[in-house]
Structure formats: C-alpha cells, structure tokens
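The values are calculated or read from the model by the stated rules, or taken from the named source; none is laboratory data. Quantities reported herein were computed from a predicted structural model and do not represent experimental measurements. All Cβ positions, glycine included, derive from the backbone under ideal geometry; neighbour counts span all protein chains shown. Heavy atoms of the whole protein, side chains included, go into the accessibility calculation; ligands, DNA and RNA do not. Shrake-Rupley method; radii C 1.70, N 1.55, O 1.52, S 1.80 Å.
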Amino acid sequence: MPNWLFIVFSVCVAALVGGVTNHFAIKMLFHPREPVRIGRWRVPFTPGLIPKRREDIAASLGEVVSEYLVTSDGLRVMLDRPDVRERAVQAVTQYIEAWLKDERTVKQWTASLFPNEEWDELKLRLASRLDRLTEQGLTSWLTAKGWDERPLSEWIPIGTEESRQRMSDNAAAAVLHSLQKELTSLQGQRMLTRMAKEVIDRAQGFFGAMAAIFVDEDKLVSRMSPVIIEQLQSPAVQAAVSQFISGKLAEWVSLPPAQLVRAWADLKDEEDAMDFVIRKLQLWIQWDQRLERLAEVRPAQWLDEVKSAWMPYVPRIVNGAITLIDRNLDQIVRAARLEEVVRSQVEQFPVERLETIILSVSGKEFRAITWLGALLGGIIGLFQSFVLLAVG
C-alpha cells in the first residue's frame, strides 16, 4: 500500500471513530430511556445519563433555584424597583377597567364560578351558613364581654352624674314636647274626645246619668286641653318626668344586658335571653332575602358609580400590598418550598420534551462537538500513521 494511501486511510478511520464516538456519547445523555436487560443482566450505561439521574438532577436544580436564583433578597430588590411597582399598578388598573365593563349580575357571576351549583341551592346554603356565623359571632362576642354578668354601665359610657341629669332633662323635655304636639293635633283631640266619652259612659249612678245627659265631650276636651298643655309645660311635671327617667336610667345601667333583655321582652324562666337576641337579629337581617336582592345587582355597575371615590386609592393599595409582601418575603419564600416545587416539576417533566428543548437550544454546539471529535480523531490518525511509517 502506498504511504499516501495508508496516511489517508488512517486519518479517515480515526476521524470516523472520533466523530461516531462523540455522537453516541451525546445520544447516551438521553438514550436509552429505560434500562436494557438481557435476562437478569442489565446492559451497562442503560438507561441514559439524564433518565438515570433525573431525581438527582431535579434535587440539584431545586437547590440551585431556591438558594441562588429565586431568593428572598433577589425578589426584594425586584419589588423595590419603581418600574416594577408602576407596572403592578398599571396591571391592576387595567384589570379593574376591564372588569368594570362586565355587565354580569351576582347571580351570573355565581353561575360562572360554580357551574355545577344551582343559584337557589347555593343561596339557601349560603344563607344558612351566614345564619350560623351570625349566631356564633354574636354568642362569642356577648359571652366574651360578659353580658350576663357585667352591668350595662361597663358597656356604654354614661358619663358623670351631671351629664346623666342633663340627658334626663333633655329626654323629659323631648317626651313632653312630643306629647303636647300629639295632644294638640286633630288625632290627639279625637283621642281625648274618645277617652272623655268612655269615662262618661263608665260613670254609674245619678252623676253618671246626669253627665251623660248634660256633658258635651267636645266642649269638655276643648276646656281640658289648655289645662293639660299648661301642666305639661310646668316645671314640676318636667322635673317629675326627668326624675323618673333618671331613676330608670340608673336602674338600667346597674343591670347586666341579659337581665334587661329578659325584663323588656317579658321572657319566661325557661327561655334564654341569648336565643331571643339571636332570633331577633336573624329576623332583622333575613340573609336569604338579602341574598335574593343581591342576585340581580351588577357589581361592575355599582363600583363604577362610586369609581371616583375608590379609584385614587388603587396605587396606594397596590404599593401597600407590595410592601406587605416585602416585609414577609422570607416567610413567603419558605412557605412556597421552591426546592420541592422545582424538584417535583423536573421529575414529572418528560425526557422526550427535555431532549427536544436542549437540542433546540444547543443543537449547533452538539454538532460542533461531533465534528470536533472527528477532527481530533483525524489528527490522531495522521500522527499515528507518521509514527508507524517511521518505525516500520
């Protein structure tokens, strides 16, 4: 064989070996994806490196991401940037603007959020839950406040003795003024006439018969009304009513609220004042009817009507939320468990998809490695051929 042919043959064989070796080395990163067995014997280097070490790669990636890439310090620096806060405000504002154009009612929103729920069933269930929460909340609050032990004076600021007396005087004046106004009205005059007639009708004996014959109820009322009004305006009556109100206030504020409820509601011994208050509150609230009225409300329309009142606060709320996140960022990052999340995602990621991504990014580099192997193999073959020719 001529020397030049020997050199060319050696270079080609060595280059082919180098290129094929590097090509298979790259392929063995991903292939085979499952162990290859001959009987009980597992073929060496199967599965490929990445499928075999997937769990270790996932753990390493999770550690790198949590300790070096996504850290609380890095996130804090990002959150403190003015442009990030500005973009957050813009994003929230744009979302609100888009949401305000939505014409759906609460009932329609509920249907979209809970597609498997009927509105009537959901309304009843929600009303029942709100009733329970109302009962539990009121019971807990009243019990904690000691409503059956602590006097009303510890619940309501009643002020000094002078202020209580002034309040009693004002209440007495208001009551007497309302009474005067009522008695001088047409309805009040009719009431007095009816009362005078009933008194005369109930009178018995000679005087009763004479009064029924000679007494005119209208004239009697017209003569009695100024006297009654004069008495109601007298200081003595006002002082008596004020003293009565002051005494009642002193009596009431010295009793616990539970005892006052029992007295005012005329409850029996076996009835519970707490149950009475809860029933009255639930009858007043009537959650089912309130939810029914709420069903046809359009949240976007209602919010749009008061937009000028709350829209200026959106930047402040967003910045406040970012500041709150910033203060608790360490706890948030720890609670997120980024290392476990990344590890879980990498372990579940298909190797086929991973191979496609890596080859799409580094395909040129892998081909360069293959050709570099062929080049190095050719150089080695050339050197080897010169050595063999020199020796032999």
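Could you give the dipole magnitude of the chain about its Cα centre, charging the beta-carbon of Lys and Arg +1 and that of Asp and Glu -1, in debye to the nearest 20? Don't skip to the end; give the middle numbers.
Values: 47 positive and 51 negative charges, 338 e Å.
The calculation lands at about 1620 debye.
Per-residue accessible area for R37 at 1.4 Å probe radius, Å² rounded to 10?
140 Å²
What's the magnitude of the charge dipole for region 310-357 around its Cα centre, counting Lys and Arg as +1 and Asp and Glu as -1 at the beta-carbon? Answer in Debye, nearest 20. Could the numbers behind the result be given before it?
Numbers: 6 positive and 7 negative charges, 70 e Å.
Magnitude of the dipole: close to 340 debye.
For region 1-131, what % of the accessible area comes from carbon and sulfur atoms, probe 1.4 Å?
Of all accessible area on region 1-131, carbon and sulfur atoms account for 63 percent.
Cα to Cα, under 27 Å, and not fewer than 8 places away if on the same chain: which lysines meet these conditions relative to K52?
Within reach: K27, K364.
Where does the chain land at 222 nm, in deg cm²/dmol rounded to the nearest 500, when only DSSP H runs of n ≥ 4 count, each adding -39500 (n - 2.57), divided by all residues? Before the final figure, lay out the partial values.
Numbers: 21 runs with 305 residues, N = 392.
Mean residue ellipticity at 222 nm (helix-derived): -25500 deg cm²/dmol.
For V297, what residues show an amide H to amide H distance below 5 Å, using hydrogens built from the backbone and excluding near sequence neighbours?
V106, K107
List the lysines whose alpha-carbon lies under 29 Å from that of K145, not counting same-chain residues fewer than 8 positions away?
Straight-distance partners of K145: K248, K268, K280.
Averaged per residue, what accessible surface does the chain expose to a 1.4 Å probe, in Å²? All intermediate terms of the calculation are to be shown ahead of the outcome.
On the way: 28010 Å² over 392 residues.
Here the residues of the chain average 71 Å² of exposed surface.
Out of the total accessible area of region 282-392 (probe 1.4 Å, heavy atoms of protein only), what percent is carbon and sulfur?
Details: 5130 of 8110 Å².
Solvent-exposed carbon and sulfur of region 282-392 make up 63 percent of the total.
Computed from the coordinates I sent, percent of Cα pairs over 36 Å apart equals one of (i) 46; (ii) 24; (iii) 70. Tell me the label.
(iii)
Which value, in Å² rounded to 10, gives the accessible area of Y95 with a 1.4 Å probe and all protein chains present?
Surface accessible to solvent at Y95 totals approximately 150 Å².
Please give every one of the lysines within straight-line cross-link reach of K101, meaning a C-alpha to C-alpha distance under 27 Å, and leave out same-chain neighbours fewer than 8 residues apart.
Excluding near neighbours in sequence, the set is K123, K307.
When you count, for each residue, the other Cβ atoms within 10 Å and take the mean per peptide, how do 227-236, 62-71 rank with the highest first?
Values: 227-236: 11.8, 62-71: 14.8.
With the highest mean Cβ count within 10 Å placed first, the list reads 62-71, 227-236.
Would you please give the FRET efficiency between D148 and T356, computed as 1/(1 + (r/R0)^6) with r the Cβ-Cβ distance and R0 = 51 Å, to the nearest 0.05? Could you put the intermediate results ahead of the total?
Working: r = 73 Å, r/R0 = 1.43.
Plugging the Cβ-Cβ distance into 1/(1 + (r/R0)^6) gives 0.10.
Taking the alpha-carbon centroid of each part, what is the distance from region 327-392 to region 242-270 in angstrom?
86 Å
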